[in-house]
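Report on the following structure.
What follows draws every value from the coordinates through simple rules; no lab data is involved. Note that the structure is predicted; figures quoted are calculated from it, not measured. A quick note on method: Cβ atoms are made from the backbone with ideal geometry, for glycine too, and the neighbour counts reach across all protein chains shown.
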Amino acid sequence: MTILYLHGFNSDGSSTTVTKLRKRIKNLISISYDYIIPEKAYVKINVAIKQILFEDSQVILVGTSLGGFWANFFAQKYKFSCVLINPSTSPWLSLSKYIGINVNFNSGEERVLTKKNVDDYKKYKVEIIPGILRYVVLAINDCQLDYRVAEKVFKKTSIIELIDGGHRIQNADSIADIIIKVSLKENNTK
């Protein structure tokens, strides 16, 4: 089983979250994708998934924030299990406040987000479907995304856990525990 981690906005595949999670989850891989241009993100993530599927038929997607949006999108596309941590449910709305120059937390690279970039995320809007194992972790004091929005979106189709914490993962061990629990459930259903 391979666990593919998808980072959030202004981050990359070598984030501190990935480093912390890898200490407990050896089969976790991550990629860096273009978080500004959704078409490029789609292609990069889709290619990565197809490469993984070439060698491993069991994949779990994990994503935080914008990565949670993509993890859900591709989990539905491929019928994978997923763990969504403070997921953005509508980046065309939540990213609007970042239009302009942004700095990547890890690399320091400056990127410009335009209104067109934000609007282009609407092309990837999906209705949330039942039938996949979806575990959603929401921080009740997330200062970036209102947890109640995601709670409402996912409540009929997902296992939801409310935690105390901010937008960025504070306790990687508890998230690792959830990922391990989902992978055990996934193994038992195959």
Hypothetical label at D177: residues of segment 135-164 whose amide nitrogen lies under 16 Å (7 Å Cα-Cβ projection): 136-139, 160-164
Would you mind telling me which residue in V18, V62, V43 has the biggest mean-square fluctuation in a Gaussian network model of the chain, where springs connect alpha carbons within a distance under 10 angstrom? V43
Counting Lys +1, Arg +1, Asp -1, Glu -1, what net charge surrounds S174 among other residues with beta carbon under 12 Å of its beta carbon? -1
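At 222 nm, what helix-only mean residue ellipticity would the chain give, in deg cm²/dmol to the nearest 500, using -39500 (n - 2.57) for each DSSP H run of four or more? Can you show the working numbers first?
Working: 7 runs with 74 residues, N = 190.
Using -39500 (n - 2.57) per qualifying helix, the result is -11500 deg cm²/dmol.
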Any idea how far the Cα center of segment 128-152 sits from the one of segment 80-120, in Å? 17
For log10 I(q)/I(0) by the Debye sum over Cα atoms at q = 0.11 Å⁻¹, several values are listed as (1) -0.52; (2) -0.43; (3) -0.64; flag the one computed from this structure. (2)
Candidates F105, F69, F54; GNM for the chain (alpha-carbon contacts under 10 Å) flags as most fluctuating F54
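Residues with beta-carbon under 12 Å from that of V137, excluding V137: net charge, scoring Lys, Arg +1 and Asp, Glu -1?
-3
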With a 10 Å radius around each residue's Cβ, average the other Cβ atoms per peptide and rank 86-93, 115-122, highest first. 86-93, 115-122
The long-range amide H neighbours of I31, using H built 1.01 Å from N in the peptide plane and a cut-off of under 5 Å, are Y5, H7
Note, V153: beta-carbon cut-off 12 Å, +1 each Lys/Arg, -1 each Asp/Glu, net +3
Under a straight-distance cross-link criterion of Cα-Cα below 12 Å, which aspartates and glutamates are reachable from K77, leaving out those fewer than 8 residues away in the same chain? E127
Checking L28, L84, L162 against a Gaussian network model of the chain (alpha-carbon springs below 10 Å), the top fluctuating residue turns out to be L162
Angle check, please: helix 172-189 long axis (alpha carbons) against the longest principal axis of the chain (alpha carbons), in degrees 0 to 90, nearest 10. 50
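Between V126 and S57, what is 0.36 nm times their sequence separation minus the Cα-Cα distance? Round to one decimal in nm.
Difference between extended and current length: 22.5 nm.
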